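Values quoted throughout were computed directly from the atomic coordinates according to the rules given, and no laboratory measurement underlies them. This structure is a prediction, so every number in the text was calculated from the model and none was measured. No Cβ is skipped: glycine too gets one built from the backbone with ideal geometry, and neighbour counts run over all protein chains shown.
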Amino acid sequence: RNMGSMLVKGATPLEILRQYMAKGDSPTRGRELNIHFGDLERGFIGQISPLGDMVPVMAGVTLSFRMRGEDRVGLVYVGDGATSTGAFHEGINFAAVNRCPLVVIVENNGYAYSTPTSKQTLAKQFIDKAIGYGIPGEQADGNDVLAVYDVTKRAVDRARRGEGVTLVELMTYRRKGHAEHDNQSYVPDGEGERWARENDPIDRYVARLTGEFGVEQAELDAIDARVRQEIDAATDEAEQSPMPEPMDALVGVYADPTVIEPLWFREGGRLGTETHERPEGWGTWSESRAGSTPAREPQENG
């Protein structure tokens, strides 16, 4: 569920903005308004809304790494609420037993929608659950960029050495609601403001860069300006992108495109009578004027 990791793996701001605007040239062709898309070539899997379900998926993905002898590691990000699901337990237990090269990161931001962590578990910390799976668990300050890097690197190194799964708990805070409709009426007064004032991860990282590492503020300002320019340009381009066409809803539903041919141009209870082009990559075909099902190309057995 982590947009930052998607950007690192090659997802672009333009793709993400097109997703949020449900544009026809977005990765999901306007089907949804979030970043639930994947790209196997770039190495990230599409997100699943019930976040706990992503753990067994990544257990299977990383098991395939081990079976093929690939030097690859999978990371899966879930929230504190996902740890209460059966899928989380099943997935992490399966991955542990099979020594899958997997890092399970629990972003403990204090709330699962409106449910506080204290009502998710009686455990003092989520990494205590690692003992039950026979795997190591580490906790880190999720608002410290370098601490997150260090704990993740240790977990990845373990996986590469064939030592299997690590459960990582990152302590952070959700400063906005679950979604735009969530006014956070359940949050104690002043809690969010205190975290924003005292524990902002960007402010803390900038302070370390300029203080401990001697980075000039002018250099950071230049980076900020470049990023803002990139986002503005991507926003302008995304706004000009076309909205999806109705027929796009059928693209990518079936592995065999011929399955949808009888439905493609059904209008008013009748099949269309015009010659049409398939979407790119499908070649061209024409609908029968007699209203019969289009002839399919012969397929080889086996």
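From least to most packed, judged by other beta carbons within 10 angstrom and beginning with the fewest, E163, E70 follow the order E70, E163. Each label point was placed 7 Å from the Cα along the Cα-to-Cβ direction; for I231 and D71 their separation is 3.7 nm. Once the stretch 100-211 is represented by equal point scatterers at the alpha-carbon sites, with solvent omitted, what log10 I(q)/I(0) does the Debye formula produce at q = 0.21 Å⁻¹? Computed log10 I(q)/I(0) values: -1.15. Note on L51, L75: ascending count of other Cβ atoms within 10 Å places them as L75, L51, the fewest first.
Please give the Cα centre distance for the stretch 119-179 versus the stretch 35-64, rounded to the nearest Å. Spelled out, the Cα-based centre of one part sits 18 Å from the other.
Listed by chain and number, the aspartates and glutamates placed with their C-alpha closer than 12 angstrom to that of K153 are E138; residues fewer than eight positions away on the same chain are left out. Take the Cβ atoms of T121 and E191, set R0 to 22 Å, and the FRET efficiency comes out at 0.65.
Here the extension length gained between V8 and A218 equals 73.2 nm, from 0.36 nm per residue of separation less the Cα-Cα distance.
Across the stretch 159-246, Cα-Cα pairs more than 19 Å apart make up 70 percent of the total.
The simple Förster model, with R0 at 45 Å and r as the Cβ-Cβ distance, assigns R99 and R208 a FRET efficiency of 0.80. P(r) tail, the stretch 3-192: Cα-Cα pairs separated by more than 21 Å, 54% of all pairs. Counting beta carbons within 10 Å around each of D141, D189 and listing the fewest first gives the order D189, D141. You can think of it this way: the chain between L33 and V156 has 41.1 nm of extra reach, that is 0.36 nm per residue less the Cα-Cα gap.
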